[in-house]
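Each remark here refers to the structure printed beneath this line.
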Amino acid sequence: MLPLMTVGALPRQHPHRLRAGVLPCLAALLVGLPGFAQAPPDKPVDTSAATPADRSVEELARAAKPAIVTIRFRGRRGGDEGLGTGFFVGAGLVATNLHVIGEARPISVELADGTLHEVSAVEATDRDGDLAVVRIAATGPAPLPLAAADAIAAGAEIVAIGNPHGLERSVVAGRVSGLRQMNGIDMLQLAIPVEPGNSGGPVLDRQGRVQGIVSMKSLVTPNLGFAVRAERLRGLLERPNPVVMERWLTIGAIDADEWTTVGGARWRQRAGRIAVAGAGAGFGGRSLCLAVAPPPDLPCDVAVWVKLDDEAGAAGLVFASDGGDRHYGFYPTAGRLRLTRFDGPDVLSWKILAEKPSPHYRPGAWNHLRVHRTADAIACFVNDQPVFESADRGLVAGRVGLAKFRDTDAEFRGFAVGRTVPAALPSRDVLDRVEALTAGLPDDGPPGRELVGRLLAERATVGEALAARAALLERQARQLEALAVAVHERRTLDELARVVAADEPRIDLFHAALLVAKLDNPELDVAASRRDLDRLVADIAKRSADADETMKLATLNRVLFEELGFHGSRGDYYNRSNSYVNEVLDDREGIPITLSVVYMELARRLGLRVEGVGFPGHFLVRSLPAAGEPRWLDVFDRAAVRSRDDLARQLREQSGDELADEHLATVGPRAILVRMLSNLRGIATREGKQADVLRYLDATLAVDPLSVRDRLMRMVTAARLGRRETATEDARWLLDRKPAGIDLEEVRGLLEQVEADAR
């Protein structure tokens, strides 16, 4: 399944990007409360009995735009905080996404004529379908008709209208590229760009009927979106669950008798937990939620469980707060733990007292933070394990509570303050007894009553102990999975290094390229891919058994490009599959370098001399017949012949450079493999997948272990990912060899930091 994210309401203060914290699933944030019945909603227009004629995009847009509205919700300070799209489905009724209308915030609707109307009620909500219907006092224009069930098929033309990036009532045409079911919800897959602000907009067929409501975009490609099918909205309108705004505005509100918030952001309280989303108004997105009750005199403890939605964020405890900009903070950030003294509103007045990673911190999970404060010291713990001890006394006393920074979304539970706060996790004895009792647990089936009874004898801590045991087994399972991946990668890299250790002319380039693909695809059958190539070679060789070089090359081109349809990937160029030669062979589609690798291997096996040419930005091959002039061929374009003038013009257009002889130099297998890996590394970098970047750097150094540039890149990447062994090895390699052009002091500093983190 494609990675997805809800489009989100467009933040007014950041119109160029998505609001942070929008979850990669159907983001249903609140569910309406029952009761507060109002008049039944108007029924959606039923068009199942008639099928109007197709209309042009212009006609559709002109007819539909009056019914399209802009939805805004206001933040804590009263200003607009988000913006999305909606459309009229009845008199005074506007449909949109649930995540568009905010979280217990005032909502307004701006009509096409520019008039602004406050929402009087949230008429209906559908948590799973990410749908909402709101009511305003104005009747509004004619509603958009909802299509009947199953009234559209894959391939159908559609038009979407919305407010992308705040550009109100923008129109885009496309097609339904598929009908999907996601998390049990029927969805339309749309071949259109979906951007922030599009959420809640209608997807119309060519008859002007609403077929879906835009909800999600793909994280893989910008021109792919998803919409909830209109039939689900129809059902919601028939079964409303209205909540008047007076009650809506109190859903999830922080209890003012217990907490005071400082610095904006969206703090919510529900089911014993406190959640925060969005950037705070303070520098660095800082926002506080301070307990109203004063803490006891020193010594005392303050503790909380915290979970971050993204480990790049930061959220945790504050203590000794003056109610404003001065306080201490103990919190996880970017996979590390930090103790900071905040003496003012900006970064110049902040002092990091201590910072380091902890093996006891569990990324992506609930973690227990505790601070023990005495008159002389501050001791910080994570999951009952000590992390820091500081003698700083810059701030003496003050309030305690919670903090978040940047665009972090976080949840908190179990906030506690007292002379002492009990240990968060079960004792070692309890854990050992639970482990012994569950050692013979069957792989499937319900647990037996006898075992349940024996565990109950452990009393209050048994639940925590079982959860801790389950979490441990999950971590061990993940470690085993990671170990299996590491073994696969090491085995593949060792084989790659063995293949490229041969003299350059004897390197089996096709086999090495298959190993590059196998790095990402453990199930790849290298031998089977080689047999596929063998069959292709045999077929071409049979057809050109008595032919000369010219006819053999012509036969090769005819079979590949005319009969089998091998072609350059133009619509999906940066798909990693284009860099895997086995998939290029299977799908007959690739980028210049991988198509050229296949072409060169076939030519070699047919007795033709074809070399790789490292032309900038577009790999070529050169045919060297025994008689006649060499020719440059563009395999990406069906082995089209390119003259020097052609290539000079191409280089000038793509980079502005003038063609030189070095641009047309032939390259050997090692350089080709390094270039293939560089392409994959570029894709992984754009996707933000640093672990993949590191894997491709490992492979690059297996091919070219003396590459200073790649060694330096791997050192930095490994350090960023916490791969201390690799970072240390590369730093020492650079320091031992002292290559020119490298700032060795920076390398030495990174090595010292990595070694300090390991202690």
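Charge dipole of the range 706-758 (Cα centre as origin; +1 on each Lys and Arg Cβ, -1 on each Asp and Glu Cβ, all else neutral): 220 debye, rounded to the nearest 20. Taking 0.36 nm per residue of sequence separation and removing the Cα-Cα distance, the Glu58/Tyr574 pair yields an extension gain of 182.4 nm. The GluC sites (Glu not before Pro) of the range 487-561 meeting both criteria, a DSSP state outside H, G, I, E and B (loop) and at most 15 other C-beta atoms within 10 angstrom of the site's C-beta, are Glu523.
The accessible area of Ser170, taken with all protein chains in place and a 1.4 Å probe, comes to roughly 40 Å². Per residue, the chain exposes 46 Å² of accessible surface when a 1.4 Å probe is rolled over the protein heavy atoms with every protein chain present. For Asp255, the shell of other residues with beta-carbons less than 12 Å away shows a net charge of 0, using +1 for Lys and Arg and -1 for Asp and Glu.
Lys738 sits with roughly 130 Å² accessible to a 1.4 Å probe, with DNA, RNA and ligands left out of the calculation. For the range 464-510, the residue among Ala467, Ala486, Ala501 whose Cα projects farthest onto the positive side of the dipole built from Cβ charges is Ala467. Helix 644-655 and the longest principal axis of the Cα set of the chain meet at an angle near 10°. Relative to the longest principal axis of the Cα atoms of the chain, the long axis of helix 724-737 makes an angle of roughly 50 degrees. Tell me which label goes with the value of volume of the Cα convex hull per residue in Å³ computed from the coordinates here: [x] 230; [y] 148; [z] 164. Label of the calculated value: [x]. Have a look at Leu651, Leu308, Ser199 and report the one farthest towards the positive end of the charge dipole of the chain, computed about the Cα centre with Cβ charges (Lys/Arg +1, Asp/Glu -1). Working it through, the farthest residue towards the positive pole turns out to be Leu308.
Our note on the geometry: Cα centres of the range 384-398 and the range 674-738, 38 Å apart. About its Cα centre, the chain has a charge dipole of approximately 980 debye under the convention of +1 per Lys or Arg Cβ and -1 per Asp or Glu Cβ, with nothing else charged. Accessible area ranking (1.4 Å probe, heavy atoms, ligands and nucleic acids excluded), largest first, for Trp248, Trp366: Trp366, Trp248. Modelled spin-label separation between Asp429 and Ala156, with each label point placed 7 Å from Cα along the Cα-to-Cβ direction: 6.8 nm. Placing a pseudo-label 7 Å from each Cα along the Cα-to-Cβ vector at Val292 and Thr666 gives an inter-label distance of 8.3 nm. Ligands, DNA and RNA left out, the 1.4 Å accessible surface of the chain is 51% carbon and sulfur atoms.
Between Ala640 and Gln690, the simple label model (points 7 Å from Cα in the Cβ direction) yields a spacing of 4.2 nm. Principal-axis analysis of the Cα atoms of the chain puts helix 509-520 at an angle of about 10° to the longest axis. Think of each Lys and Arg Cβ as +1 and each Asp and Glu Cβ as -1; about the Cα centre, that makes the dipole of the range 416-534 roughly 700 debye. Selection among Thr666, Gly401, Val598 by position relative to the dipole of the chain gives Gly401 as farthest towards the positive end (Cβ unit charges, Cα centre).
The values are calculated or read from the model by the stated rules, or taken from the named source; none is laboratory data. Keep in mind the model is a prediction, meaning the values are calculated, not measured. Note: ideal-geometry Cβ built from the backbone for every residue, glycine included; neighbour counts use all protein chains shown. With ligands, DNA and RNA removed, areas are computed over all heavy atoms of the protein, side chains included. Shrake-Rupley method; radii C 1.70, N 1.55, O 1.52, S 1.80 Å.
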